[in-house]
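Laboratory data are not the source of any read-out in this text; all were calculated from the coordinates shown. What you see is a predicted model, and the numbers here were worked out from it, not measured in a lab. Every residue, glycine as well, gets a Cβ built from its backbone with ideal geometry; the counts of neighbours run over all protein chains shown.
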Amino acid sequence: MRLLLKRQYLGRRYTTGLLFLENPKTGDMELVADTIEPPVKQREYEGSVVAIPAGRYPVVVTWSPRFQRWLPLVTHVEGRSGIRIHAGNTVRDTSGCILVGRATTRGTITDSRRTLAILLYRLAHRPDGTALRLDIEEPLEPLPLDDLDESEGPNAMEDDLDEIDDES
């Protein structure tokens, strides 16, 4: 069974995307969550926590001693271990893992516990013996939001576009 993470925004402070899960009966990919991760590229002053590279990774559901629950574990990530898919709201809630929830404002996801519960239910009810894998894809053209400061709010880009229209 395949999980597909389509990254959409590769920002300086965080990365967002959409997580799809393969329907075992139809083979269709179904949207199950919005995601937030650390930035894809390391910034000199921020240490070494970055999103895992795009690629294909085996996933197993194992007991997490840190979270005291069963969670998906992304394996075979070069130079990394302990990469989980778990609940959280901002990039501050992760040390390199993939957070799931519903995107509400830029840089934040909500409803993460409920979204994680739905994902775990679907993974637990996959056909017996079905292996899991995660495919991570980078966008062909990242969204052009890097130039905006997070403090400008979610409508900053639209406001800038309105100003351009007014000048035309």
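Amide H contacts of residue 134: 3, 57, 59, each under 5 Å away and 5 or more positions distant or on a separate chain (H built 1.01 Å from N in the peptide plane; Pro and chain starts excluded). What does the charge count around residue 58 come to, taking other residues whose C-beta lies under 12 Å from its C-beta (Lys +1, Arg +1, Asp -1, Glu -1)? Every neighbour counted, the sum reads +2.
With a Förster radius of 25 Å applied to the C-beta separation of residue 66 and residue 1, the computed FRET efficiency comes to 0.50.
What percent of all Cα-Cα pairs in segment 2-141 falls into each 10 Å bin, going from 0 up to the bin containing the maximum distance? Spelled out per bin, shortest first, that is 12, 46, 35, 6, 0.
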